[in-house]
Amino acid sequence: MKQKRRVRVMVAKPGLDGHDRGARIIARAYRDAGFEVVYTGLHQTPEEIVEAAIQEDVDMIGLSSLAGAHKYLFLAVVELLREKAADDIVVCGGGIIPDDDIKRLKESGVKEVFTPGTPLDDIVKWVKHNITPRQD
Amino acid sequence: MPLTFNAKIFDDIEKGNKKWQENLDKVFGAKPERLTRFSTVSDREINRIYTPADVRDQDFAADIGFPGDYPFTRGVQPSMYRGRFWTMRMFAGLGSAKDTNKRFHLLVKEGQTGLSTAFDMPTLMGYDSDAPKARGECGKCGVAIDTLNDMEDLFEGLPIDKITTSMTINPPASIIWAMYIAMAEKRGIDRKVLGGTIQNDMLKEFIAQKTFMCPPVPSVRIIEDTVEFGTKEVPRWNTISISGYHIREAGSTALQELAFTLADGIAYTEKAIERGLDVDDFAPRFSFFFNSHLDFFEEIAKLRAARRMWAKIMKGRFKAKDPRSWWLRFHTQTAGCTLTAQQPYNNVVRTALQALAAIMGGTQSLHTNSLDEVLAIPTEEAATIALRTQQIIAEESGVANTIDPLGGSYFVEALTDQMEEEAFDIIQKIDDMGGMLSAIEKNFPQQEIADSAYHYQRQIDEKEKTVVGVNKYAVEEEIPVEVLEIDEELESLQIEKTNRVKTERDNQRVAECLEKVGDACSGKQNIMEPLIDAAKANVTLQEVCDVYRKVYGEYRDPGIY
Amino acid sequence: MNDIVEKVVAGDVRTVARLIRDIDDGMPEVRGILKDLYPHTGKAYVIGITGAPGVGKSTLVDQMVAHLRKRDKTVGVLAVDPTSPFSGGAILGDRVRMQRHSMDQGVFIRSLATRGHFGGLTQSTRSAIDVFDAMGKDYILVETVGVGQDEVDVVRSAHTTVIVVIPGMGDDIQAIKAGILEIGDIFLINKADREGSDKTLSDLRLMIEMDHKKYDRGEWKPPILKIQAVFDKGVAEFIDEIDKHAKYLAETAGGLDFRESKSKVRQELGEMIKARLIEEVIDRLTESGDFDRAVESIINGKIDPYTACENLVLPIVS
Ligand code: B12
Ligand SMILES: Nc1nc2c(ncn2[C@@H]2O[C@H](COP(=O)(O)OP(=O)(O)OP(=O)(O)O)[C@@H](O)[C@H]2O)c(=O)[nH]1
Ligand SMILES: [Mg+2]
């Protein structure tokens, strides 16, 4: 039968950071909002994340970083997507990210950054409003 | 003998209670209670009131007793804070070894009585600063230690024969400890006098903190090597800090924290006994590490229950005879996950309350979080306020004047009993699974914690639980405090430093040392002496970890959500 | 369109990934592409792996990939996870176990959700297998949780169907007996490091022996192996058994190319017709509003479901 496209997203933990409480909660919240979620688990390199995202044809990669290496890691993901002509995949992220860095990240192509205290509801709504499953 | 009440008195109390409840029901019939359900932050339901009837089975001598007496509900030492305060031990680590050394000197000057080291992510995960996987992470979350040289810079000018040092490190704990011992010996200090702690608790890594390297079984084998070595060679050292802190921060309830931590302790004890050690030789060197969270009374009850349970476990289950084996000595840290980026000054108040609970619970040492916890590694100013918080509680509030001030509170005693009973049930469940190692393989504690964490987050979202400044009393604001930034240049400087060590050392000797480490890993020989030799030969942390990984394989995240 | 076919055949990862999404999402354009891809299929060897939740299927697939890669074979993995009946969402968690292969250009891992559409899973998975096949993967491994009929049908269409159990699953063995025993070409007792694997072995053996007449006639007799997927124990031997089964198929069952096997083609065409029919019929009925009206009428007691069904279907098929 004619199906509507489903939103497919990936929640990924780049780098050596082991703080996964937030990422796992986000993955569950996405599922409970009706999205299909690929969770990569911890300790992923930017290369592994991008390769997996392409194979899984997700609409969005959600990166979670609390250990301060976000500038290097998030930007590496954005850059690799561009290299592979897959920059239609939206990148967003969350975690412990200072305001100045959020500015930098957004200028460089990270679409949104969520910091501690953001209600899950807002995080889900953002996806609903900003991520349209691929139309072509 | 049960507490001083006789049956008649209980009857009267229960009658009185019933009447009081009925009256109250009427009052609330007109205007209902504030909440439909009153519960702790861990969602434990709490009654309107507690009376002697709630503790009618308690026996003062057997269940509560005096501080320093079995089962130590009221404290492990007889003197507790009448003798001296708890150790004020603030966790610190940032950037390079030299930067952290500066922070250590400052903290000692400000009156801190013990050191506590935070390492950066590459060090915690067993990588040197120049590893490709370490890109962007060097020095961000703590201090980078690649070689003995860094360790020497870290403790430059600090009297390591007099102060105790705690090191929060797990998969590479054996190596870091070996470097510490090597440094001491190079300074002419006997390893026998060294005092301190390595966290070295891998079980809770798989459960909660997620700095892991090799699979559970070999990870525990290395830990048992350190336990054996410590028992014989470094008798003042705490070889494992069995940690509930991380379990709680990963999102568990207070009860899960209590049960899983003690179950970890049981697993380590069993393994050491299997190795042929006498329980009374090593158990006194086990220390514990708990969280002090938001729910004031539940936290105090948890800590009191933990002490009593461990005493029972050691005496009953493991037949330990030395009272020091029965002691649950513990460090406490206030709950980082309760602090907010919004209105950060509120965090000082939260931390003060949590610190107070830890002290009421009889902690041996305490770290208080800084008000900028959610923003970055603490600034000097924020860390100083956190230390002052402890000093105010200790020296101004008067709470340390008497021992176990809440002992005998119907509520606290009832809660203590209840938590003990429920935690023993969970431990039984883990025993039935074949112990904590098997439970971890089955992802049991991981899944339980994930469920609790999600449940709590949903409660915040639904405003069932209040977070002041976040889901209630929120305001628009700019972050009013200064945020510490780690210099991005640090990474290249540290890599340069490590490369210099690598070119200047005797690489023939390095290869020999690594071979001996490998032999010890695959054989039965204790790993520690070969590690100390390796440290002295300037072998890097990662070089040793690569041997571990090669011999034992790598553990990968099972991704339980 | 031909452009897409060319790219798939050339092994372009992005194109393949997107095409599988289109298949899964039921995009009508894919039909044409699948037609054009058909001539490029028929080379891959398909292995279906099923078993109860948590028995270690993904861990096993991860190890199989490693072994097959050592033999220089390319591998496609389709890992199917259940959709939450409450939200319609899913966490696709199989990939975590296999993520170490994600940088290997010879491996393509794709997670799918069951989504609960009538017979659609079987169809879309079949088509995804064809896509992997056309892109040149030597082996295609399909993991499903052996619960629903759909999931069972998926693995059933493989060359070799593998049933994974773990020790101490007394009741589940009964379930296997009831449902999927007959479709298993190889049985694995995973987690043999745990107690009770001998008991499970003898239980299974007993059940398989019941069909001894078949084996006497020379039909394939499913081997039962004890393995420990996490520790990579017994996996190499298991892959040898797959080779044996492949050889058996090649020699006795009319070759490895299912497209030349009458019974397989019959089965597949039948399923395809079924799925297509359902799709067309339901689409038409929902678009016209007849479906919703019939539902209303049943609820209001105006009509019984049997009559409603007849009224809806008969005009279309006659
Ligand atoms: C809990 C915690 C831990 C736990 C982690 C348990 C676990 N498995 O997750 C434990 C105790 C193990 C731990 C250990 C360490 N920690 Co810690 N930890 C925290 C703490 C207190 C809370 C984090 C948390 O889980 N919050 C609750 C979750 C739900 O919130 P969250 O992750 O922020 O997610 C929210 C948003 O950020 C956003 N979000 C997050 N990710 C994503 C992703 C997407 C896609 C989206 C859309 C949104 C989103 O949405 C969520 C909901 O609002 C923070 C400080 C703080 N209060 O934030 C320090 C903190 C992150 N830790 C820190 C440090 C240094 C460490 C250690 C390195 C200490 C050491 N040297 O030993 C270790 C390393 C552990 C490791 N393996 O990586 C520092 C990091 C400093 C920095 N970035 O500069 C912090 C900031 C504390 C501090 N100020 O020092 N920690
Ligand atoms: N003891 C033991 N555990 C194993 C073995 N194989 C897998 N496991 C563990 O079993 C758990 C489940 O493994 P998975 O591979 O995710 O199982 P699955 O069948 O794919 O699970 P679902 O996809 O959720 O149905 C993991 O924790 C594995 O590590 C084994 O041989 N022995
Ligand atoms: Mg699986």
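The values are calculated or read from the model by the stated rules, or taken from the named source; none is laboratory data. Here the structure is a predicted model, which is why all the values come from computation and not from measurement. Cβ sites come from the backbone with ideal geometry, for glycine too, and all protein chains shown count toward neighbours. Ligands, DNA and RNA are excluded from the accessible area calculation, which covers all protein heavy atoms including side chains. Shrake-Rupley method; radii C 1.70, N 1.55, O 1.52, S 1.80 Å.
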query: What do you reckon, how do B:Met419, C:Met135 stack up by accessible area (1.4 Å probe), largest on top?
result: C:Met135, B:Met419
query: B:Lys315 to A:Trp126: FRET efficiency via 1/(1 + (r/R0)^6), r the Cβ-Cβ distance, R0 41 Å, to the nearest 0.05?
result: 0.15
- line: Here the residues of the range B:468-485 whose accessible area is at least 50 Å² smaller with all protein chains than in the chain alone (probe 1.4 Å) are none
- prompt: How high is the relative contact order of chain B, in percent, counting Cα pairs under 8 Å that sit 6 or more residues apart?
  reply: 18 percent
message: Considering just Cα atoms, how many Å³ per residue does the convex hull of the protein assembly as shown enclose?
response: 214 Å³
query: Using a probe radius of 1.4 Å on protein heavy atoms only, what is the accessible area buried between chains A and B, both sides summed, to the nearest 100 Å²?
result: 2900 Å²
query: Can you give the helix-only mean residue ellipticity at 222 nm for chain B, where every DSSP H stretch with n ≥ 4 adds -39500 (n - 2.57) and the sum goes over all residues, rounded to the nearest 500 deg cm²/dmol?
result: -15000 deg cm²/dmol
- prompt: Once both axes come from the Cα atoms, what is the angle between helix C:235-252 and the longest principal axis of chain C, in degrees from 0 to 90, rounded to 10?
  reply: 60 degrees
- request: Hey, could you grab the Kirkwood Rh for the range B:82-151? Inverse mean 1/r over distinct alpha carbon pairs, Å, one decimal.
  value: 12.9 Å
field: Accessible area per residue in Å² at 1.4 Å probe, computed on the range A:8-129
entry: 31 Å²
field: Ellipticity estimate at 222 nm from DSSP helix runs (n ≥ 4, -39,500 (n - 2.57)) divided over chain C, nearest 500
entry: -16000 deg cm²/dmol
field: Within chain A, helix-based [θ] at 222 nm, where runs of 4 or more DSSP H residues each add -39,500 (n - 2.57), nearest 500
entry: -13000 deg cm²/dmol
- request: Return the Cα extents of the range A:8-129 along principal axes one, two and three, sorted largest first, each rounded to a whole Å.
  value: 33, 31, 27
query: Which of the residues in the range B:114-128 lose at least 20 Å² of accessible area when you go from the chain alone to all protein chains together (probe 1.4 Å)?
result: B:Met121, B:Met125
field: aspartates and glutamates with Cα under 17 Å of B:Lys186, excluding same-chain neighbours fewer than 8 positions away
entry: B:Asp150, B:Glu152, B:Asp153, B:Glu156, B:Asp161, B:Glu233, B:Glu529, B:Asp533
Share antiparallel - DSSP beta bridges, the protein assembly as shown, percent rounded to 5: 5 percent
field: For B:136-146, mean number of other protein chain Cβ atoms within 10 Å
entry: 4
- prompt: How about C:Lys191: which lysines have a C-alpha closer than 18 Å to its C-alpha, ignoring those fewer than 8 places off in the same chain?
  reply: B:Lys442, C:Lys57, C:Lys199, C:Lys226, C:Lys233
Carbon + sulfur, % of accessible area of the protein assembly as shown - ligands and nucleic acids excluded, 1.4 Å: 53 percent
field: Positive-end residue, the protein assembly as shown charge dipole about Cα centroid, Cβ charges, pick of B:Ser365, A:Gln44, B:Val468
entry: B:Ser365
query: How would you order B:26-36, B:326-336, C:5-15 from highest to lowest mean count of nearby Cβ atoms within 10 Å?
result: B:326-336, C:5-15, B:26-36
query: Kirkwood Rh, chain C, all Cα pairs: how many Å?
result: 21.1 Å
message: Test of understanding: in a Gaussian network model of chain C with alpha carbons linked when under 10 Å, which of C:His159, C:His101, C:His212 would top the mean-square fluctuation ranking?
response: C:His212
query: Taking chain A as a Gaussian network, where each spring joins two C-alpha atoms under 10 Å apart, which residue of A:Gly34, A:Gly117, A:Gly22 fluctuates the most?
result: A:Gly117
- request: Give the long-range amide H neighbours of A:Gln44: residues separated by 5 or more places, or on another chain, with amide H under 5 Å away, using H modelled in the peptide plane at 1.01 Å from N.
  value: A:Lys13, A:Gly15
task: Give the relative contact order (percent, whole number) for the range C:44-257; include only Cα pairs under 8 Å separated by 6+ residues.
output: 25 percent
Extended-chain gain in nm, criterion 0.36 nm per residue less alpha-carbon gap, B:Asp278 and B:Gln508: 78.9 nm
query: What is the distance, in nm, between label points placed 7 Å from the Cα along the Cα-to-Cβ direction at B:Asn6 and at B:Lys109?
result: 6.7 nm
Per-residue mean of C-beta atoms belonging to partner chains within 10 Å, peptide B:440-453: 2
query: Against the longest alpha carbon principal axis of chain C, how many degrees, from 0 to 90 and to the nearest 10, is the axis of helix C:120-134 turned?
result: 60 degrees
task: Using a Förster distance of 25 angstrom, determine the FRET efficiency expected from the C-beta separation of A:Ala85 and A:Glu107, and round it to 0.05.
output: 0.75
- line: Percent of all Cα-Cα pairs per 5 Å bin for the range B:249-327, counting from 0 up to the last occupied bin, reads 3, 15, 26, 22, 15, 10, 6, 2, 0
- request: Please report the relative contact order for chain A, taking Cα pairs under 8 Å with a sequence separation of at least 6, and give it as a percent rounded to a whole number.
  value: 27 percent
statement: Over the range B:68-461, with neighbouring protein chains present, the accessible area per residue in Å² at probe 1.4 Å is 30 Å²
query: Rounded to whole Å and sorted largest first, what semi-axes of the equivalent ellipsoid does the C-alpha gyration tensor of the range B:494-552 yield via the square root of 5 times each eigenvalue?
result: 21, 12, 9
task: Can you tell me which of B:363-371, B:222-230, B:433-441, B:397-405 comes out highest on packing, and rank the rest after it, using the mean Cβ neighbours within 10 Å?
output: B:363-371, B:222-230, B:433-441, B:397-405
query: Any idea what angle helix C:13-24 forms with the longest principal axis of chain C, computed on alpha-carbon atoms, 0 to 90 degrees, nearest 10?
result: 50 degrees
- line: Rounded to the nearest 100 Å², the accessible area hidden between A and C, summed over both chains at a 1.4 Å probe radius, is 3400 Å²
Percent of C-alpha pairs per 5 Å bin, the range C:200-315, short to long: 2, 9, 10, 11, 11, 9, 8, 7, 7, 11, 11, 4, 0
statement: Sorting B:Gln342, B:Gly29, B:Val374 by the position of each Cα along the dipole of chain B (Lys, Arg +1; Asp, Glu -1; all at Cβ), the one nearest the positive end of that ordering is B:Gly29
- prompt: Counting pairs on different chains as well as pairs 8 or more places apart, how many Lys pairs in chain A have Cα atoms under 24 Å apart?
  reply: 23
Flagged links, alpha-carbon separation over 28 Å, of B:Lys162/B:Lys550; B:Lys140/B:Lys204; B:Lys204/B:Lys524: B:Lys162/B:Lys550
- prompt: What is the mean number of Cβ atoms from other protein chains located within 10 Å of the Cβ atom of each residue in peptide B:241-253, rounded to a whole number?
  reply: 1
- request: Compute the distance in nm between two label points, each set 7 Å from the Cα along the Cα-to-Cβ direction, one at B:Arg37 and one at C:His40.
  value: 5.6 nm
message: What whole-number distance in Å separates the alpha-carbon centres of the range A:90-136 and the range B:93-150?
response: 31 Å
query: Using a 1.4 angstrom probe on protein heavy atoms only, which residues from the range C:54-97 are buried by at least 40 Å² of accessible area when all chains are present rather than their own chain alone?
result: C:Ser87, C:Ala90, C:Ile91, C:Leu92, C:Arg95, C:Val96, C:Arg97
field: 1.4 Å probe accessible area per residue over the range C:15-96, in Å²
entry: 33 Å²
task: For the range B:68-461, go through all pairs of different Cα atoms, get the mean of 1/r, take its inverse, and jot down that Kirkwood value in Å.
output: 21.1 Å
- request: Rank by packing, highest mean first: peptides B:297-307, B:540-550, with packing defined as the count of other Cβ atoms within 10 Å averaged across residues.
  value: B:297-307, B:540-550
